[in-house]
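J.: Submitted below is the structure of interest, expressed as structure tokens.
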Amino acid sequence: MTATTTSATPVAVPKRRLRDRLPVAHQLRQSVGLQRGMLVAGLVITGLFVLTAIFAPLLAPYGFAQLRGEDGAFGSQQAPSAEHPFGTTVGGYDVLSRVIWGAQTALLVIIVAVIASIIAGVLLGLVSGYFGGWFDRVLVVVCDAIYAFPSLLLAIALSIMISGGQSSLWGGILAAALSITVVFIPQYFRVVRAETVRIKAEAYVESAKVLGASNGRIMFRHVLRNATRTLPLIFTLNSSEAILTLAGLGFLGFGIEPTAAAEWGYDLNKALSDVTSGIWWTSLYPGLAIVLAVLGITLVGESLNDLADPRLRGRRRVAQAAGQVAETSVVPGGTLSAGPGGLDGLESGESFDEHGIEVKR
């Protein structure tokens, strides 16, 4: 007799397409209905904000501190015209140019503030959650104290300490960014610390310790990548908060000098007296810029947050994208086969025993 051997056929693992590797591309395919509309709208508005900031020198008709053109001085509080589509400010600046250049200032503050707070918050949360002890207790108390303090008041105090209230372009950007960073660090610290405390008790971390891996290798190779999965959500929400904090500092007079950079909050502050005089254009466009920038980033963040929570997803569309759902045991002594409908089949009120016969409940 000849024995026949059967070899298991290797299962081909499909490679991820290039479009699925792009940021937010996978979430965009998962979204459906209102979630997709919010995500697309947020991405479009945020994309326009970023592109405007990057290409501000090309898009702005004048410089942010320019007062004269080829035909002479612009004039103060001039109404919208062909030469100045958004009019001019009380200081004689072109409103359209100030709005476009202000996007660049806001983007620079977001990049410096959020990246600095992520680096500091993640490192502190990782070390604190992994080692624990007195260092962990001290950091928790300090971060809770900072988190409980009014963020704008703390930013004002730090801005005065750093730059004396007003400064040059990079001096003002660093002052605003550092003051925002101190406010944001506790948020990243809390999230990363909580995840690190949970992950360090997992079996694979214990196995790495048994194999002799160093603490540094375990923290940065095994714990870090699993503890930072929710950071993109916090990043988007903190970006919108950074814009509001920067605008608040400028509105209260602790922002950047107008001759050093354009800043929406400062322009709103100078337009307060114009509103009562019927001069609407000096405050309308900087205010709209703040609202649209914050709205776009917030829509992206809230949509990503909904898609990251399985309870908030569009169930049917997600189940179809994920393929057939595996057999799920829900009835004592029997199983249910959940098809592409996903959880809809489980919630329809129909159950089946092991022979496939419907069970009435």
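J.: Using just the Cα positions, wrap segment 47-183 in a convex hull and report its mean projected area in square nanometres, one decimal place.
T.: Working: hull surface 43.3 nm².
Orientation-averaged projected area of the Cα hull: 10.8 nm².
J.: A further question follows. Under 13 Å from the Cβ of residue 60, count the other residues' Cβ atoms, weight Lys and Arg +1, Asp and Glu -1, and hand me the total. Don't skip to the answer; put the middle values down first.
T.: Working: positive: 98; negative: 94.
Local net charge: 0.
J.: For residue 204 and residue 123, what does the FRET efficiency come to when R0 = 22 Å and r is the distance between their Cβ atoms, rounded to the nearest 0.05? Could the numbers behind the result be given before it?
T.: Details: r = 22 Å, r/R0 = 1.00.
Result of the calculation: an efficiency of 0.50.
J.: Can I ask one more? Starting from the Cα of residue 244, step 7 Å along the direction of its Cβ; do the same at residue 157; then give the gap between the two resulting points in nm.
T.: Once both label points are built, they end up 2.1 nm from each other.
J.: Would you kindly state how much longer the chain becomes between residue 82 and residue 213 on full extension, computed as 0.36 nm times their sequence separation minus their alpha carbon distance, in nm to one decimal? Walk me through the numbers before you get to the answer.
T.: Values: separation 131, 0.36 × 131 = 47.16 nm, distance 6.83 nm.
Gain on extension, residue 82 to residue 213, equals 40.3 nm.
J.: Counting only other residues whose beta carbon sits under 13 Å from that of residue 176, what net charge do I get with K and R as +1, D and E as -1?
T.: Details: positive: none; negative: 241, 257, 263.
So the environment of residue 176 carries a net charge of -3.
J.: Label point 7 Å out from residue 67 along Cα-to-Cβ: which residues of segment 240-259 have amide N under 15 Å?
T.: What the label zone holds, given the 15 Å backbone N cut-off, is 258-259.
J.: Follow-up. Kirkwood Rh over Cα pairs of segment 37-313 into Stokes-Einstein at 4 °C, 1.567 mPa s: D in µm²/s?
T.: Working: Rh = 20.5 Å.
Stokes-Einstein gives a translational diffusion coefficient of 63 µm²/s.
J.: Ratio of alpha-carbon Rg to the 2.2 N^0.38 Å globular estimate for segment 194-297, to two decimals, please. Could you put the intermediate results ahead of the total?
T.: Values: Rg = 23.3 Å, N = 104, 2.2 N^0.38 = 12.8 Å.
Scaled against compact globular proteins, the figure is 1.81.
J.: Something else now. Find out how many positive minus negative residues lie around residue 282, taking Lys and Arg as positive, Asp and Glu as negative, among other residues whose Cβ is under 9 Å from that of residue 282. All intermediate terms of the calculation are to be shown ahead of the outcome.
T.: Details: positive: 270; negative: 267, 274.
Here the count lands on -1.
J.: Ok, one more. Can you work out the FRET efficiency for the pair residue 137 and residue 291, with r the C-beta to C-beta distance and R0 = 35 Å, to the nearest 0.05? Could the numbers behind the result be given before it?
T.: On the way: r = 42 Å, r/R0 = 1.19.
Between residue 137 and residue 291 the formula returns 0.25.
J.: What is the pair-distance distribution P(r) of segment 71-124, computed from all Cα-Cα distances in 10 Å bins starting at 0, with each bin given as a whole percent?
T.: The distribution over segment 71-124 is 23, 31, 18, 16, 11, 2, given as percents.
J.: Hey, what do the phi angles of segment 175-184 turn into as Karplus ³J(HN,Hα) couplings, whole Hz, using 6.51/-1.76/1.60 and θ = phi - 60°, x for Gly and Pro?
T.: 5, 5, 5, 5, 5, 6, 4, 4, 6, 7
Only the coordinates and a few stated rules stand behind these numbers; no lab work does. All of these numbers come straight from a predicted model, not from anything done at the bench. Note that each Cβ is placed from the backbone with ideal geometry, even for glycine, and that neighbours are counted across all protein chains shown.
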